[in-house]
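Visitor: Let me begin by handing over the structure; questions about it come next.
The values are calculated or read from the model by the stated rules, or taken from the named source; none is laboratory data. Just so it is clear, the structure is predicted and the values come from calculations on it, not from any experiment. Every residue, glycine as well, gets a Cβ built from its backbone with ideal geometry; the counts of neighbours run over all protein chains shown. The protein model used for the area step is the full one, side chains on, heavy atoms only, and it has no ligands, DNA or RNA in it. Shrake-Rupley method; radii C 1.70, N 1.55, O 1.52, S 1.80 Å.
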Amino acid sequence: MSQVVGALKQAIDGAMGQVWIKGELTDLKVHSAGHWYFSLRDADAQIRCVIWKSNAQRLRTRPTDGTEVFILARPDFWAERGDVRLSAVQLLPTAALGDKELELQRTREALARDGLFDPSRKRPLPRFPRRVALVTSLEGAALHDFVTVARGRWPAHLLVVGSKVQGDQAARELVRALGLVNRLRADVCVVGRGGGSRDDLAVFNVEAVCRAIAAVTVPVVAAVGHQTDVTLADLVADHRAATPSAAMELILPERAEVLARMNGLGARMAGGLSRRTRVIEERLFRAEDRLEGAVSARIRDDQERLSLLGAQLEALSPLRVLARGYAVATGPAGKVLRRRGQFKPGAGFTLRVVDGEVPARVEES
Amino acid sequence: MSGTPGEPLRLAAALRRLEEIVRSLEAEDTDLDQGLALFEEGVGLLREARSRLETAELKVQQVLQDAAGDLRAADLDV
């Protein structure tokens, strides 16, 4: 049996997400633990409901039986009793709540369920946007504000997609305009209008408009001129600005600041290069010193070797021998005469002594 | 909708590259040839980016859609 009940529980708990349900409240019992138990019924059906203590504590008024209420609830199979009930987190008497308010609640829930408010969806803004899509009214003061602030800051290309921003046509036109943005190759999109009454801003709470904002492929800034009320469009957009002027200040850098930054980078670049050349210059000097040292050492070596060689050479010189009193005899062809047999009687020869030559002749025997 | 004059201020890319160049020039370990080449590249980038930024002007156009669904942009006086 528990298997069947388990299967039922799974089927019923997963049957639908949280939904707003309208009905007449009856049999309200507040349990000593703080939970609220009651039934909700209309002409054809009724169902048991519970609001757990943690949620019940947040409810301002305790409705009397017979009050028409909206509850935000999901079905829940109570296995221990074999009973289906609605587990509610929110309860609002319909009298206390206009249809608009309820629609707002419903839309908020629907968008939240689809994750459109998730912080992880928020995209960063481009640092230097070139093409800026602007979805706004062509008639309003907002357009003038957008353009004036942009002109004073940054030479962007503003692509204005005109749309009504209040009245019956506004939702349809905004959805269309936001759809066009995806064809503009824009870097960023701003959707907005100037301030207005709560009713004037109502279109920025329309589900289709919020979904169209979420479907824009570039970061979207919502600038629905209002400081106090946050519209659902503000929550779905990637960024929010309080006014059209603030939106432009948010997305556009200031030309003068960027130019100053460029100058700073230029100066740092020059500084880096001159430091680099200084380092290299020092290295060159050091290298030169070392080179000079090496060369002069080498020259000293060579000089020593040279004088040594000179001394050896001198020792070998025949002049040294002649200086000691020896003489060299050479024949007519300059050939050195070393042996007796080379001296023929009567033949002339030359004697080389230390300071010159002496003609001589072998005596006749 | 394409070919808009006064276009691409590819500044983000240029500034990123400039920052890279400054970092390498400020580091101790690039040689002079490399340093000079980087410096030259940086000066070129800087000159171009600066002149574009100085001369560019805000442009405001209205996006219009014709019956066939095609888009065109017309200058808008605001």
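Visitor: What is the residue count in region B:40-60 for residues that are open to solvent by 50 Å² or more (accessible area, probe 1.4 Å) and at the interface with another protein chain (Cβ under 8 Å from one of its Cβ atoms)?
Guide: 3
Visitor: Can you confirm whether A:Ala202 is under 25 Å from the mean Cα position of the chain (by Cα) and farther than 20 Å from A:Met248 by Cα? If you could, list the steps in order and put the result at the bottom.
Guide: Numbers: under 25 Å from the mean Cα position of the chain (by Cα): no; farther than 20 Å from A:Met248 by Cα: yes.
Against the criterion (under 25 Å from the mean Cα position of the chain (by Cα) and farther than 20 Å from A:Met248 by Cα), A:Ala202 does not qualify.
Visitor: Moving on to the next point. State all residues of region A:323-341 that are part of a helix (DSSP H, G or I) and either modelled with pLDDT of 90 or more or farther than 14 Å from A:Arg361 by Cα (or both); if no residue qualifies, say none.
Guide: A:Ala323, A:Gly341, listed by residue number.
Visitor: A:Gln166 passes all but one of (1) at pLDDT below 95; (2) within 11 Å of chain B (Cβ to nearest Cβ); which number fails?
Guide: It is condition (2) that A:Gln166 fails.
Visitor: A follow-up question, please. Could you check how many residues of region A:52-66 are open to solvent by less than 100 Å² (accessible area, probe 1.4 Å) and not β-branched (Val, Ile, Thr)?
Guide: Total meeting the criteria: 9.
Visitor: Go through the residues of region A:239-254 one by one and say whether even a single one is free of Cβ contacts under 8 Å to residues at least 24 places away in the same chain and among the polar types (S, T, N, Q). Full working, then the answer.
Guide: At the first step, the residues of region A:239-254 found to be free of Cβ contacts under 8 Å to residues at least 24 places away in the same chain are A:240, A:242, A:246.
From what is left, the residues that are among the polar types (S, T, N, Q) are none.
Checking region A:239-254: not a single residue is free of Cβ contacts under 8 Å to residues at least 24 places away in the same chain and among the polar types (S, T, N, Q).
Visitor: Among residues belonging to region A:171-188 that are β-branched (Val, Ile, Thr) and in contact (Cβ under 8 Å) with a residue 40 or more places away in the chain, point out the one that is farthest from the other protein chains (Cβ to nearest Cβ). Reasoning before the result, please.
Guide: Step one: of region A:171-188, the residues β-branched (Val, Ile, Thr) are A:175, A:181, A:188.
In the following step, the residues that additionally are in contact (Cβ under 8 Å) with a residue 40 or more places away in the chain were identified as A:181, A:188.
Working: A:Val181: 9, A:Val188: 12 Å.
Result: A:Val188.
Visitor: Take A:Arg261 and tell me if it is open to solvent by 60 Å² or more (accessible area, probe 1.4 Å) and under 30 Å from B:Ala14 (Cα atoms).
Guide: Yes, satisfied.
Visitor: Being touching a His at 6+ places or on another chain (Cβ under 9 Å) and either surrounded by 18 or more Cβ atoms within 10 Å (Cβ to Cβ) or in the same structural domain as A:Arg121 (by TED's automatic domain parsing) (or both): is that true of A:Asp238 here?
Guide: Numbers: touching a His at 6+ places or on another chain (Cβ under 9 Å): no; either surrounded by 18 or more Cβ atoms within 10 Å (Cβ to Cβ) or in the same structural domain as A:Arg121 (by TED's automatic domain parsing) (or both): yes.
Considered against the rule, which asks whether it is touching a His at 6+ places or on another chain (Cβ under 9 Å) and either surrounded by 18 or more Cβ atoms within 10 Å (Cβ to Cβ) or in the same structural domain as A:Arg121 (by TED's automatic domain parsing) (or both), A:Asp238 comes out as no.
Visitor: Condition check: assigned by TED's automatic domain parsing to the domain that holds A:Leu116 and in contact with a Gly (Cβ under 6 Å, 6 or more places away or on another chain). Does A:Thr231 satisfy that?
Guide: On the way: assigned by TED's automatic domain parsing to the domain that holds A:Leu116: yes; in contact with a Gly (Cβ under 6 Å, 6 or more places away or on another chain): no.
For A:Thr231, the condition - assigned by TED's automatic domain parsing to the domain that holds A:Leu116 and in contact with a Gly (Cβ under 6 Å, 6 or more places away or on another chain) - is not met.
Visitor: Residues being more than 15 Å from B:Glu40 (Cβ to Cβ), within 7 Å of another protein chain (Cβ to nearest Cβ) and open to solvent by 50 Å² or more (accessible area, probe 1.4 Å): count how many of those fall in region A:264-280.
Guide: Qualifying residue count for the region: 1.
Visitor: Please name all residue pairs, on different chains or six or more residues apart, with Cβ atoms under 8 Å, provided the first residue is in region A:335-358 and is in contact (Cβ under 8 Å) with a residue 24 or more places away in the chain and the second residue is aliphatic (A, V, I, L, M) and in a helix (DSSP H, G or I).
Guide: Listed pairs, sorted by first residue: A:Arg352/A:Leu322; A:Val353/A:Leu322; A:Val354/A:Leu319; A:Val354/A:Leu322; A:Val354/A:Ala323.
Visitor: Of these, A:Ala260, A:Ala246, A:Ala256, A:Ala242, which one is within 30 Å of A:His144 (Cβ to Cβ) and not in a helix (DSSP H, G or I)? Talk me through it step by step, then tell me what you get.
Guide: Numbers: A:Ala260 fails: not in a helix (DSSP H, G or I); A:Ala246 fails: not in a helix (DSSP H, G or I); A:Ala256 fails: not in a helix (DSSP H, G or I).
Unique residue meeting the criteria: A:Ala242.
Visitor: Something else now. Given the residues A:Ala287, A:Ala333, which is the only one that is exposed (fewer than 11 other Cβ atoms within 10 Å of the Cβ), within 14 Å of another protein chain (Cβ to nearest Cβ) and more than 30 Å from B:Leu18 (Cα to Cα)? Can you show your working first?
Guide: On the way: A:Ala333 fails: within 14 Å of another protein chain (Cβ to nearest Cβ).
Unique residue meeting the criteria: A:Ala287.
Visitor: While we're on this one: Count, please, the residues in region A:111-135 that happen to be assigned to a helix (DSSP H, G or I) and open to solvent by 10 Å² or more (accessible area, probe 1.4 Å).
Guide: Residues of region A:111-135 assigned to a helix (DSSP H, G or I): A:111-113, A:119-121.
Adding the requirement that they be open to solvent by 10 Å² or more (accessible area, probe 1.4 Å) leaves A:112-113, A:119-121.
Residues that pass the stated criteria total 5.
Visitor: Restricting the search to region B:62-78, which residues are open to solvent by less than 80 Å² (accessible area, probe 1.4 Å), within 11 Å of chain A (Cβ to nearest Cβ) and either at pLDDT 90 or above or out of contact with any Ser or Thr (no Cβ under 9 Å at 6 or more places or on another chain) (or both)?
Guide: In the first step, residues of region B:62-78 are kept if they are open to solvent by less than 80 Å² (accessible area, probe 1.4 Å); the result is B:62-66, B:69, B:71, B:73-74, B:76, B:78.
Keeping just the survivors that are within 11 Å of chain A (Cβ to nearest Cβ) gives B:62-65, B:69, B:71, B:73-74, B:76, B:78.
Selection gives B:Gln62, B:Val63, B:Leu64, B:Gln65, B:Gly69, B:Leu71, B:Ala73, B:Ala74, B:Leu76.
Visitor: In the set A:Arg151, A:Arg185, A:Arg176, A:Arg108, which member is open to solvent by 70 Å² or more (accessible area, probe 1.4 Å) and on the phi > 0 side of the Ramachandran plot?
Guide: Numbers: A:Arg151 fails: on the phi > 0 side of the Ramachandran plot; A:Arg176 fails: on the phi > 0 side of the Ramachandran plot; A:Arg108 fails: on the phi > 0 side of the Ramachandran plot.
Matching residue, one of A:Arg151, A:Arg185, A:Arg176, A:Arg108: A:Arg185.
Visitor: Any idea which of (1) surrounded by 13 or more Cβ atoms within 10 Å (Cβ to Cβ); (2) touching an Asp or Glu at 6+ places or on another chain (Cβ under 9 Å); (3) part of a helix (DSSP H, G or I) is the one A:Arg320 doesn't satisfy?
Guide: A:Arg320 satisfies every listed condition except (1).
Visitor: Moving on. Can you name the number of the only condition in (1) more than 14 Å from chain B (Cβ to nearest Cβ); (2) open to solvent by 60 Å² or more (accessible area, probe 1.4 Å); (3) in a loop (DSSP other than H, G, I, E, B) that A:Leu138 fails?
Guide: (1) is the only condition that A:Leu138 fails.
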